[in-house]
Structures are given as structure tokens and as C-alpha cells.
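The block underneath contains the structure these notes are about, expressed in C-alpha cells.
The values are calculated or read from the model by the stated rules, or taken from the named source; none is laboratory data. Keep in mind it's a predicted model, so treat the numbers as computed, not measured. Cβ: placed from backbone, ideal geometry, glycine included. Neighbour counts: every protein chain shown.
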Amino acid sequence: MFEYALVRVMPRIERGELINAGVLVYCRAKSFVGARVHLDETRLRCLDPDVDVAGVRAALRGYEGICAGGERAGQAAEDDPGRRFRWLTAPRSTIVQPGPIHTGLTEDPEAEVDRLLDLLVR
């Protein structure tokens, strides 16, 4: 069993329009947490031509870094994968934010990250 959430970009919070830009996957049984991102800059600029694309990309890299652990995760590197996933999926009122958590079944959570990215983001 695994849990996943989309990473969404909502450049103008007041309008509520968003695009999916990544996916987070957590599998407790395999002690795995992973993230993959893909930002469609053209779609994003359709929602807001003046969006800070560099800032959005930096925030998305942050999701990947925290999931990867090591130096890229900063203080979160010491947390277990479940705790990192819960922190990343906590509700936020920022431009880059997580969606609701869903569940599924898989034998290979790492492959599931790529499958969900292709299915729900690209």
C-alpha cells in the first residue's frame, strides 16, 4: 500500500486556478518517500503571465530535495520518510501546495512515482 499527493501550482490564489506540477509518494512498508516534478511553463503562464517561474521551480526542487534526503533535505534529513511525507502534504496557502492524499497498491513505489507523474501531471 502507498499514499500519494499531487503537488499543485496556483499562481493566483484568489482565482483558484491551478496546474499539477508534481507527485509525492510514500510507502511505509518499504520506508520510501519520493517526489517527481514536471513544470509546464506554457500552461503556467496561461494562468498568470507574470508568475515567478524561477521561484516556482525552486519550490518544486525543494519537494524533491526533502524526499531525496541527505544534504538536500536540510533539517528534514533526520526525519523518517513518513514524517517527511506528512510535512510535505500539510495544507499550505502558498503558490506551490500539496493536494489531498490518496492511497493505492503497488509492489514498486519508486516506479509508481514515475507512473503517477505521467498519468496525472504530464
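For this structure, a couple of remarks:
- Of note, ALA29 satisfies the criterion of being closer than 18 Å to TYR4 by Cβ and either aliphatic (A, V, I, L, M) or touching a residue at least 12 places away in the same chain (Cβ under 8 Å) (or both).
- Test: GLY69 is farther than 16 Å from ALA5 by Cα and touching a helix residue (DSSP H, G or I) at 6+ places or on another chain (Cβ under 8 Å): yes
- Summed over the stretch 19-70, residues that are farther than 13 Å from PRO81 by Cα and touching a Pro at 6+ places or on another chain (Cβ under 7 Å) total 4.
- Of the residues contained in the stretch 72-95, one or more are found to be touching a helix residue (DSSP H, G or I) at 6+ places or on another chain (Cβ under 7 Å), of a type in the set (A, V, I, L, M) and either under 14 Å from TYR4 (Cβ atoms) or modelled with pLDDT of 90 or more (or both).
- For the stretch 34-44, the set of residues classified as assigned to a strand (DSSP E or B) and farther than 14 Å from THR106 by Cβ consists of ALA35, ARG36, VAL37, listed by residue number.
- Residue in the stretch 96-105 that is surrounded by fewer than 16 Cβ atoms within 10 Å (Cβ to Cβ) and free of Cβ contacts under 8 Å to residues at least 12 places away in the same chain present: no
- Criterion: assigned to a helix (DSSP H, G or I), free of Cβ contacts under 8 Å to residues at least 40 places away in the same chain and closer than 13 Å to VAL7 by Cα - qualifying residue of ALA59, ALA54: ALA59
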